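Q: Take a look at the following structure, please.
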Amino acid sequence: MLQKFKQHLHQNFPFLKGSKLLIAISGGIDSVVLAHLCSQLNLNFSLCHCNFNLRGQESDEDEAFVKSLAKTLKIPVYATSFETEKYAKTNKISIQVAARDLRYNWFYKLLDAKDYDYVLTAHNSNDNLETFIINLIRGSGLEGFTGIPAINKKSVRPLLAFSRDDITLFAIKNEIVWREDRSNASVKYVRNKVRHKVIPILKELNPHILKSFQNTLEHLNESQSLINDALKNITTNVVSYENDLLKISCKEIDKLSNKKAYLYQLLHGYGFTAWNDIVDLISAQPGKQVFSNTHRLLKDRNFLIVTTINKNQSTKDPILIDQKVSEITNPIKLIIQKTDDYTSKNNHQIIIDNDLISYPLSLKKWHHGDAMYPTGMIGSKKISQLFKDNKLSLLDKEKIWMLTDAKDHIIWVVGLRQDRRYLANKTTTNRLKISYLS
């Protein structure tokens, strides 16, 4: 296996030879063999081990084993400890997802802090097949069936071309010692159930399942390449970006033969799953929305717009501002101060007659039916019409705040228009300047 591994690196990962590497090591057979292979090829690497504190004393013994191995191989080792169960509970995720997030976040911090180039993980071809089956069970688009990427940013997986049998045989022949994680034998987790119950049946049906699977992956990756090329061809006309917002032209996407397929390719990375509802958005009225856990897809005029869901921002309750307040910073920043000026310089600033104001002031979102008496106009006007006159998009409207007095009279559509009833003039003796810092 050593010669095959050497040739595999030369053909597919030549950049590793001159790089400074980290090997993510659990103490299990896969990562321990990877460390020995890299040592025999004289690669420049260190070990990094995560203690997830999930198996009591066994977790501590794994850490001790890895440190001992590093000493034997005469290489540096980094170890860290996580409260994995607490992290999973706090973030409402599974233990497996929590462990993955914690370790990769630490790996990348370590790469930057210690000037390493890449982190190597010991995923093998069996892991690839297991992941494929898990994605099949859960449901996935084509990208979920193209396999674990051999290179993903600074993560490199040089053992994907080798099976668990290859790795075990190498370990036995070379009298390599490793740690057995007893939890790997349990069928409590989906991956272990696939490994111990599903894969053996597939091997019984086809003893060469891993080879067949590798051929299938090659075909699927070729198909994914065709899809990527198709996306590139339509992207210029269909997709645009505005202030980091992804915008999809309804007119252009509607011209395509399979709108649903293209929308899936463009949007699946944002966590959306209701694809029929998303297709319906193309012809829906402005304002219609579809949500994922993290993002929102909004129909605004002639575009579908992806925005991030801000779960921390509440707009239900008004922000009260009493007479002694000189500054607020949340949800927007306002500076409130006395002034000798009587005219404002721009729409981000108003000067009002403080004697006409009933306190406390309130900062709130607008509602349909709200109206004011805008400066420079005769009579009143609904806020919705004011937005229309200024050609505000739905997203722009959502960002607007209203400053009102204790009687719920609108003093200012912040950053847009002041109400003339509270204007200061030359004879006003108690003037107040309110500035909006966007």
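Bear in mind that the values in this text are calculations on the coordinates, not laboratory data. Here the structure is a predicted model, which is why all the values come from computation and not from measurement. Cβ placement follows ideal geometry from the backbone for every residue including glycine, while neighbour counts extend to all protein chains displayed.
Q: Using only the Cα atoms of the stretch 2-205, build the gyration tensor, take square roots of its eigenvalues as a ≥ b ≥ c, and label the shape rounded, prolate or oblate: rounded if a/c is under 1.5, else prolate if a/b is larger than b/c, else oblate.
A: Numbers: a/c = 1.35, a/b = 1.13, b/c = 1.20.
The shape class here is rounded.
Q: List the lysines whose alpha-carbon lies under 21 Å from that of residue 426, not counting same-chain residues fewer than 8 positions away?
A: Cross-link targets: 338, 345.
Q: Residue 393: net charge of surrounding residues, Cβ under 13 Å, Lys/Arg +1, Asp/Glu -1, itself excluded? Kindly include the intermediate steps, with their values, before the conclusion.
A: Numbers: positive: 247, 299, 301, 388, 391, 397, 399; negative: 242, 300, 396, 398.
Around residue 393, the charge tally is +3.
Q: Here's something else I'd like to know. Starting from the Cα of residue 17, draw a straight line to each of the lysines and keep only those under 30 Å, dropping any in the same chain fewer than 8 residues away.
A: List returned: 4, 6, 67, 71, 74, 109, 114, 153, 154, 173, 211.
Q: To continue, here is another question. I'd like the orientation of helix 2-12 relative to the chain: the angle between its Cα long axis and the longest Cα principal axis, in ° from 0 to 90, rounded to 10.
A: Taking the Cα atoms of the chain, the angle to 2-12 is about 30 degrees.
Q: Here is a further query. On full extension of the chain, what length is gained from residue 134 through residue 348, given 0.36 nm per residue of separation minus the C-alpha to C-alpha distance?
A: My answer for the length gained is 71.7 nm.
Q: Relative to the longest principal axis of the chain, what angle (0 to 90°, nearest 10) does the C-alpha long axis of helix 125-138 take?
A: Approximately 40 degrees, to the nearest ten.
Q: Taking residue 255 as the anchor, which lysines have their alpha carbon closer than 28 Å to its alpha carbon, excluding any fewer than eight residues away along the same chain?
A: Straight-distance partners of residue 255: 232, 247, 288, 299, 391.
Q: A further question follows. How large is log10 I(q)/I(0) at q = 0.12, 0.19, 0.23 Å⁻¹ when the Debye formula is applied to the Cα atoms of the stretch 319-437, each weighted equally and without solvent?
A: Evaluating at q = 0.12, 0.19, 0.23 Å⁻¹ gives log10 I(q)/I(0) of -0.39, -1.04, -1.54.
Q: Over the alpha-carbon set of the stretch 201-271, work out the extent along each principal axis and list the three values in angstrom, largest first.
A: That works out to 53, 23, 16 Å along the principal axes.
Q: Read phi for every residue in the stretch 219-227 and hand back ³J(HN,Hα) as whole Hz from Karplus 6.51 cos²θ - 1.76 cosθ + 1.60, θ = phi - 60°, with x for Gly and Pro.
A: 5, 5, 5, 5, 5, 5, 5, 4, 5
Q: Once all Cα-Cα distances of the chain are split into 20 Å bins that start at 0, what whole-number percent is in each one?
A: Calculated over all Cα pairs of the chain, the distribution is 19, 37, 28, 15, 1 percent.
Q: Now for a separate question. Would you mind classifying the stretch 234-308 by shape? Square roots of the alpha carbon gyration tensor eigenvalues, ordered a ≥ b ≥ c; an a/c under 1.5 is rounded, otherwise it is prolate if a/b is larger than b/c and oblate if not.
A: Rounded.
Q: How tilted is helix 95-114 with respect to the longest principal axis of the chain? Cα atoms for both, answer in degrees (0 to 90, nearest 10).
A: With rounding to tens, the tilt is 90 degrees.
Q: Using mean Cβ contacts within 10 Å as the protection proxy, how do 152-161, 110-119, 125-134 order, highest first?
A: The packing order, highest mean first, is 125-134, 152-161, 110-119.
Q: Another one. For the ranges 83-92, 180-189, 246-255, what's the packing order if you count other beta-carbon atoms within 10 Å of each residue, average per peptide, and put the highest first?
A: Top of the packing list down: 246-255, 83-92, 180-189.
Q: Follow-up question, since we're still on this one. Relative contact order for the chain: what is it in percent, counting Cα pairs under 8 Å that are at least 6 residues apart? Present the calculation step by step, with values, prior to reporting the outcome.
A: Numbers: 623 pairs, mean separation 44.0, N = 438.
After rounding, I find 10 percent.
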